[in-house]
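The values are calculated or read from the model by the stated rules, or taken from the named source; none is laboratory data. Keep in mind it's a predicted model, so treat the numbers as computed, not measured. We place every Cβ from the backbone using ideal geometry, glycine too, and count neighbours over all the protein chains shown. Each accessible area value is taken on the protein alone, full model and side chains, heavy atoms only, with ligands, DNA and RNA left out. Shrake-Rupley method; radii C 1.70, N 1.55, O 1.52, S 1.80 Å.
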Amino acid sequence: MTRLFGTDGIRGVANEDLTPDLAFRLGRELVATLQAEHGADRMRLVIGRDTRRSGPLLEAALSAGALSAGADCYAVGILPTPGIAVLTRRLDAHGGIVLSASHNPFEDNGIKLFSSEGTKFPDGAQIGELVYYDRAEADYVDFLCGCFPLDLGKLTVALDCAHGATFRVAPRVFRRLGARVVTIGARPDGININADAGALHPEKLQKKIRASGASVGFAFDGDGDRLISVDHTGEIRDGDYALAIAGRHLAARQRLKQNLVVTTVMANLGLDQALEAVGVRVVKTQVGDRYVFEEMHRLGANLGGEQSGHLLFLDHSPAGDGILSALALLSVAVETGEPLASLATCLRKFPQVLINVPVRSKPPIESIRGVGQRVGEFERELSGRGRVLLRYSGTEALARVMIEGADGARIRTMADELAGLIRAQIGDV
């Protein structure tokens, strides 16, 4: 079964690639896996979803598979991915399932499992119980407010919920903590999730902040595990800024475990400089929050994340959580008395160019004619004052070309040339 998974579970077009039959079989196989791991006869699973139209269809099929294999399923409805992780622990469940394709368009859906690999189907002599757990949202709100019991009474917070799983929870959290809340992207209709909204399109939040005079803004993606912030001046602050701000703050108060931050190879070189300037070590992994988590766990770190906004505060939660990450940033602002715009001055970013090239196949990058030679020449030209990174997406048919350096125009030319070489040989025209 593991061959079906990318870097973030199964994803595909709902009812075409990701069918109810597949969801049913995955439900049964997950129960078999958990039974083998835990040795329990009666398994308990937490199942939640985002706002996609295909969610109820796949939820019903997956639940049916799990029930037929003897598991009890706690259906929590629409809830952010990190909320499922929280409830899996709170309900003492053996595993959790999220139906979401994160930032992908509404036609796609996905299955994320809070468990490991599959095994053969059991005989299935038992039938489980389906429990509609109506306290899920309230429990999750209590958890978040308990992690950061802040007084936000003086703030106006703008939220872009991407018409996704945070559309009810996020406003409830910030209002409970006393903030005045204004929202966009909070009217899901089943097909508008991530559509020109949320963490992938923070320009909408920029306009909202300027129009409303909000103190700060937070944009989430469809399943709520990603955060992009916007300060009161309208400047976008991505995951690199969040890691720099939180890392320096925790280190200064001796609360940064192992005195290190784990991030990925996509992080801007400015993040390295901002953290190393205060003696914090930066450790990098391949792209994907699962790899960041694994390295954090191995090293005993409590802070890590990605430029894209997947952030991990392991002192509070085992999963990336957009709302929790926003509260963590606000806690720094409250403790220091500085707004996000001021805190963000600790990081000076290198110019960075990222080009996504649609591809029809994924041969080794170094095997693409001319690419290796030009990369070597560009790296020599940058002389340690920049970098070239080429990689394939783990979830999409894309090759990513990323270059950083002091001269924005020059690195754009370099990136265009490398993208052209890739496009000419394996591009999906």
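Only one entry in ALA195, ALA251, ALA246, ALA211 is among the small types (Gly, Ala, Ser), outside any strand (DSSP E or B), open to solvent by 10 Å² or more (accessible area, probe 1.4 Å) and closer than 24 Å to GLY153 by Cβ, namely ALA211. Within the range 159-183, restricting attention to residues that are part of a helix (DSSP H, G or I), out of contact with any strand residue (DSSP E or B) (no Cβ under 7 Å at 6 or more places or on another chain) and open to solvent by 10 Å² or more (accessible area, probe 1.4 Å), the residue that is nearest to THR51 (Cα to Cα) is ARG172.
The set of residues from the range 324-345 being touching a strand residue (DSSP E or B) at 6+ places or on another chain (Cβ under 9 Å), open to solvent by 40 Å² or more (accessible area, probe 1.4 Å) and not in a loop (DSSP other than H, G, I, E, B) comprises just one member, SER342. Counting residues in the range 305-323 that are in a helix (DSSP H, G or I) and without any contact (Cβ under 8 Å) to a residue 60 or more places away in the chain gives zero. Within the bounds of the range 221-229, is there any residue that is without any contact (Cβ under 8 Å) to a residue 60 or more places away in the chain, open to solvent by less than 50 Å² (accessible area, probe 1.4 Å) and touching a strand residue (DSSP E or B) at 6+ places or on another chain (Cβ under 9 Å)? Scanning the range 221-229 turns up no residue that is without any contact (Cβ under 8 Å) to a residue 60 or more places away in the chain, open to solvent by less than 50 Å² (accessible area, probe 1.4 Å) and touching a strand residue (DSSP E or B) at 6+ places or on another chain (Cβ under 9 Å). Considering only residues that are out of contact with any strand residue (DSSP E or B) (no Cβ under 8 Å at 6 or more places or on another chain), open to solvent by 30 Å² or more (accessible area, probe 1.4 Å) and within 22 Å of VAL141 (Cα to Cα), which ones fall in the range 274-317? ASP315, HIS316 - these are the residues of the range 274-317 that are out of contact with any strand residue (DSSP E or B) (no Cβ under 8 Å at 6 or more places or on another chain), open to solvent by 30 Å² or more (accessible area, probe 1.4 Å) and within 22 Å of VAL141 (Cα to Cα). Just one of the numbered conditions (1) in a loop (DSSP other than H, G, I, E, B); (2) surrounded by fewer than 16 Cβ atoms within 10 Å (Cβ to Cβ) is not true of GLY146: (1).
The rows are residues; the columns are (1) surrounded by fewer than 15 Cβ atoms within 10 Å (Cβ to Cβ); (2) more than 27 Å from ASP289 (Cβ to Cβ); (3) out of contact with any helix residue (DSSP H, G or I) (no Cβ under 9 Å at 6 or more places or on another chain).
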site: LEU354; (1), (2), (3): yes, no, no
site: SER367; (1), (2), (3): yes, yes, yes
site: VAL371; (1), (2), (3): no, yes, no
site: VAL388; (1), (2), (3): no, no, no
site: ARG412; (1), (2), (3): no, yes, yes
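Take the conditions in contact (Cβ under 8 Å) with a residue 60 or more places away in the chain, part of a loop (DSSP other than H, G, I, E, B), of a type outside the set (Asp, Glu) and out of contact with any Leu (no Cβ under 9 Å at 6 or more places or on another chain) and apply them to VAL287. Does it pass? For VAL287, the condition - in contact (Cβ under 8 Å) with a residue 60 or more places away in the chain, part of a loop (DSSP other than H, G, I, E, B), of a type outside the set (Asp, Glu) and out of contact with any Leu (no Cβ under 9 Å at 6 or more places or on another chain) - is met. Considering only residues of the range 259-273 that are assigned to a helix (DSSP H, G or I) and in contact with a strand residue (DSSP E or B) (Cβ under 8 Å, 6 or more places away or on another chain), which is least open to solvent (accessible area, probe 1.4 Å)? The extreme case among them is LEU271. Among the conditions (1) more than 30 Å from ARG89 (Cα to Cα); (2) surrounded by fewer than 19 Cβ atoms within 10 Å (Cβ to Cβ), GLY394 misses just one, which is (1). Yes or no: ASP231 charged (D, E, K, R) and in contact with a Ser or Thr (Cβ under 6 Å, 6 or more places away or on another chain)? For ASP231, the condition - charged (D, E, K, R) and in contact with a Ser or Thr (Cβ under 6 Å, 6 or more places away or on another chain) - is not met.
The helices (runs of 4 or more DSSP H) falling completely within the range 1-103 that include 3 or more residues that are open to solvent by 30 Å² or more (accessible area, probe 1.4 Å) map to 20-38, 55-68. I'm told ARG348 meets every condition in (1) open to solvent by 20 Å² or more (accessible area, probe 1.4 Å); (2) in a helix (DSSP H, G or I) except one. Can you identify the failing condition by its number? Checking ARG348 against (1) open to solvent by 20 Å² or more (accessible area, probe 1.4 Å); (2) in a helix (DSSP H, G or I), the one that fails is (2).
Annotation note: of ILE323, ILE355, ILE365, the sole residue that is among the aliphatic types (A, V, I, L, M) and modelled with pLDDT under 95 is ILE365.
Here is a yes/no grid of residues against (1) of a type outside the set (Val, Ile, Thr); (2) open to solvent by 20 Å² or more (accessible area, probe 1.4 Å); (3) closer than 30 Å to ILE111 by Cα:
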| site | (1), (2), (3) |
| --- | --- |
| VAL357 | no, no, yes |
| ARG360 | yes, yes, yes |
| VAL375 | no, yes, no |
| LEU398 | yes, yes, yes |
| ASP428 | yes, yes, yes |
